[in-house]
1. If R₀ is 22 angstrom, what is the calculated FRET efficiency for the pair A:GLU153 and A:GLU177, using the beta carbon separation as r and rounding to 0.05?
2. Rounded to the nearest 0.05, what FRET efficiency is calculated for A:THR219 and B:LYS75 with R0 set to 60 Å and r the Cβ-Cβ distance?
3. Determine the gain in length on full extension of the stretch B:SER496-B:SER11; use 0.36 nm per residue of separation and subtract their C-alpha separation, reporting nm with one decimal.
4. Measuring from a point 7 Å out along Cα→Cβ, what nm distances, shortest first, does A:ALA90 have to its partners in the other copies?
5. Highest mean first, how do B:198-204, B:277-283 rank when packing is the count of other Cβ atoms within 10 Å averaged over residues?
6. When the label point is put 7 Å from the Cα of A:THR46 along its Cα-to-beta-carbon vector, which residues of region A:298-341 have a backbone N closer than 16 Å?
7. What number, in percent, do you get for the relative contact order of region A:209-308 if the mean sequence gap of Cα pairs under 8 Å and at least 6 apart is divided by its residue count?
8. Please compute the modelled spin-label separation between B:THR101 and B:THR143, points set 7 Å along Cα→Cβ, answer in nm with one decimal.
Number of protein chains: 2
Amino acid sequence: MSSTVESSTPSKVDVLVIGAGPAGLTCALGLAKAGVNVRIVDHSPTKVQSGHADGVMPRTIEVLQSHGLADALLKDANQVYTISNYNYEADVGIKCAGRVTMINEPTARYPFAATQNQGVMEGILGDALLKEGAVIERPVRPTAIDLSTDENELKDPDAYPIKVRVKKLNEEEAAEELVHAKYVVGADGAHSWVRRALNVPMEGEQTAHVWAAIDFTPTPDSNFPDWRNIATVNAKDVGIMLIPREGGKIRLYVELGSEDGLVNAESGRLDSAQFSPDRLLEIAKKAFAPFVLKTTPENVEWWTVYVIGQRVASTFSVKDRVFIAGDACHTHSPKGGQGMNVSINDAHNLAWKLAYTIRGWAELIAFDKWFAEGFSAKARAKLIAEGNNVDLPGPLEAFRAFSSVTTGIRIRYAPSIITATAPDKTDENGPYTLTVGKRLPPQVVLRVADRRPVNVQDLCLSNGRFKLFVFTGDVLSADDIQSLNKLTTDLDALLSELPKGLLEVFSIIKAKDDAITYMDVPQTLRPHWTSIHFDGHASGPVYDAYGINREGALVVFRPDGYVGTITPLGEVELVRQYFRQFLK
Amino acid sequence: MSSTVESSTPSKVDVLVIGAGPAGLTCALGLAKAGVNVRIVDHSPTKVQSGHADGVMPRTIEVLQSHGLADALLKDANQVYTISNYNYEADVGIKCAGRVTMINEPTARYPFAATQNQGVMEGILGDALLKEGAVIERPVRPTAIDLSTDENELKDPDAYPIKVRVKKLNEEEAAEELVHAKYVVGADGAHSWVRRALNVPMEGEQTAHVWAAIDFTPTPDSNFPDWRNIATVNAKDVGIMLIPREGGKIRLYVELGSEDGLVNAESGRLDSAQFSPDRLLEIAKKAFAPFVLKTTPENVEWWTVYVIGQRVASTFSVKDRVFIAGDACHTHSPKGGQGMNVSINDAHNLAWKLAYTIRGWAELIAFDKWFAEGFSAKARAKLIAEGNNVDLPGPLEAFRAFSSVTTGIRIRYAPSIITATAPDKTDENGPYTLTVGKRLPPQVVLRVADRRPVNVQDLCLSNGRFKLFVFTGDVLSADDIQSLNKLTTDLDALLSELPKGLLEVFSIIKAKDDAITYMDVPQTLRPHWTSIHFDGHASGPVYDAYGINREGALVVFRPDGYVGTITPLGEVELVRQYFRQFLK
């Protein structure tokens, strides 16, 4: 391949992202915000217009909010609070077996799943990327990729060991460009060109499932009472999952059996000529009887039939230089609503680690371990397998338990050099307790300078920086704060050692003294007037919720919002040791 | 004037709004959303870029939210929660005398004042107007106005009794157009051309006050601890009010005495050559000592000096055909932060009443009374006068009491044909009680179809329609709901009598039965799946909060969100009588 790649004047880029779906966009956005030189190309001339992924789980909404994008997503999205279950009874048809709350995580900031056209998500991420100065180049297709085999080059942080030839598809004499990249992210979908070009095999179950999906607006005389809730429908001959959508639309997922004759048993290929939206609506009509759930042809927005297995790529990186992300490395059943969520969360995790290496802050040698920890796809694959065992139109409690796990709220990164096992005073089992490896649960504090209520999650913005929360402990007066002098001296020393801008400091005082002003606090604890808060909001005591006692604590959050380490208040040295493990 | 007006080919419009500030835009937006043909012109080539009005009070934010615009406003606005007060002491300089919460209204949905550049407000309203298909025509100036004196023409709802000549200012050979309008709204500022052209005098105090205002970003070494709160500063020689602004800016209002020699005692005119931002900052520097509050020339965004009296136009309409609104009809001291708020609330009130007359739904004869009630400027003038008696850098409690009134939350329209005195089971004194003439206080209910929490204020959108809330009372089962048959029959009859689309129906059930679905409810009570709710949100029982008992009630809200009438549940006839008073 390399001979064709070498043939024109090359351009250089730190990271080339191939594919502008949710995974590629999230990764590019994280990189751009961390100051990395990134390009993103996509072979399609436009973003997705309709259909495709639609479920956005609570933790994914938190991740979007860390980029300031939750409002944009939620503006027109539908919110799902309830799951219902219908089972078939002879002579009756389907009958409601019960309803349960969908999201049961007490710390979820957004206690619902949002459903919204994937195109809207891509538009929101693309607009945010544009604000960072990066334009999605489309339609542009990669035609060749060449990864160096020179170990010295691969180890050199300044090298560009990957050459990718890309072709602009909208020009008459198709222009080709040779791109030299330090890193490549292949986020180019289930049929990933990057994955195949690098011969990364997929692993997993061999059995393929055939799913059909159709998006439509029901007619007003439709009387199925749960069409605004998720409904798992165990009909006589077929299993259906109904997802309520934005704008009064719904999606039906229909899991088709082999008896439908859609899949050629030998080739495993879909015979799509056997299919049409009319046939799908006919299946649904029978399944929903005695209820009416119908539409008219002009109210069908999108439909598809596809074959899918529960499969995961055998590796997510090649030589720690080319990464595959999103559908390119794992394919999912629609049951858990996981596809886009796993893609966004993994890309969110990949982006900052890649950025730290490129900026020269982190050791390349630490990289492998990070990805072993970071890419949670293996763990997710297990989850998906478990989900696969949940009989979709089966017991509601089982499905709810599965849904609960898939919210993303319970993600916990295992101990590693970036999720340290430093002395930890917290009880990791409490739902409201700060835990190393878990995300920062939302709590509201008051900003000292203006007494404005602030959600602490909004202090942990996705800007590529680590955050240090100084829980100062009991501070009842300005004098008490001044007694934090040793701490501030130690912190000043630490901050001067770290790369400028790597660590942001926020303080949360345990005080309800109206007389305290932000000017009373040592400057290290309030680098900006928006940095200092106190535990005085009516919603409840934040220290208690986090399991932090009156002596205070230091908590480091990774750039993706997960707790990196927790130490006693005075132990700045432990924080230094934490950073020394992986920073140059 | 009429001879020049008659000289070219006329165009026709229902309402011509002159002036695209907050008042004109709010009025045009309300008209456009109610389906009225409206044009809006402004002499300025662009919207306000900096400075001008900046305080948005809680009720005004609610009004914006009724147009779906609160998020856009709040995105980058500053929020003010606290007022501080500083007084001068000899040998010390100014010293903090205390801090209090600014907004003390328990029912305020937004418990803060938002501060934001007037240009942002104009941009938000202008964008919303554009979505309704109306473009702000600028720079366009009116040059002549002629109002018919023919009483028959003035009474004819189909007549266009006003002729306005407008001139496009950006064309080389200035193009003129003759506009025939049914109504004209003059929202063209304190020096209103419309007001002067129609010889409407201003009334009020003769004493002019000289105010200076300056917007700037303080330097990081500024150490005045309350610069993120409102601060009333009673310095040795001068009174200053500090307003924290968006983007870390502040505004200082400085009330200058006549000893500054800025105003010519004879002419009452300002000698602006006497002034500069440097001089203003010098005054502030002395006033704030011993604190530092300084800036650099490049961080001064805007400044102005102006002479203002507390004045109100003698009338707000001429022949019920030309209306003046906003600063054109009342000028304010900056003390209460009222200017833009009064303008927006009055324009909000004017728009729907004008729309109902133009659409032929209301009697023109009822119009005069509506405006006597509707334009609250007389009442506001009284308020302003009271505010004027509050010594600005004076006692904090007095200022807070004044601020509390100016939130807009307590606005209560007096009984009139559109705020009926029908049987009212509520206690009008309770803060959480529905009261005829007051706005709907926010409460959260659950939507039956999907159990989504919904703020009831978001059911009362500004779409030009009256809303009927059917509080069904205790309904524990689907059978109970079916027992509401007589009510639905009566309601069906009423709805068939009213103009189509004039009245929207929403229902709020007092039930916590998980088994109820929205399909169980009679269709009249759920014209759409989003129309039916129940009192089951964790934030508390809505019936109790509104003072409605288990027997239910019917509540009519005017298109501007104020309670029109309250009747017992079965009394559809009283609702009919309410509408008959003012509808054709």
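The values are calculated or read from the model by the stated rules, or taken from the named source; none is laboratory data. Bear in mind the structure is a predicted one, so any value in this text is a computation, not a measurement. Neighbour counts are summed over all protein chains in view; Cβ atoms, including those assigned to glycine, are modelled from backbone coordinates with ideal geometry. Calculation scope for accessible area: heavy atoms of the full protein, side chains included, ligands and nucleic acids excluded. Shrake-Rupley method; radii C 1.70, N 1.55, O 1.52, S 1.80 Å.
1. Values: r = 21 Å, r/R0 = 0.98.
It comes to 0.55.
2. Details: r = 38 Å, r/R0 = 0.63.
Calculated value: 0.95.
3. Values: separation 485, 0.36 × 485 = 174.60 nm, distance 3.61 nm.
Length gained between B:SER496 and B:SER11: 171.0 nm.
4. Sorted ascending, the copy-to-copy spacings read 10.3 nm.
5. Numbers: B:198-204: 14.4, B:277-283: 16.3.
The densest-packed peptide leads the list: B:277-283, B:198-204.
6. Residues A:301-303 qualify, since their backbone N sits under 16 Å from the label point.
7. Details: 174 pairs, mean separation 43.5, N = 100.
Across region A:209-308, relative contact order equals 44 percent.
8. 5.7
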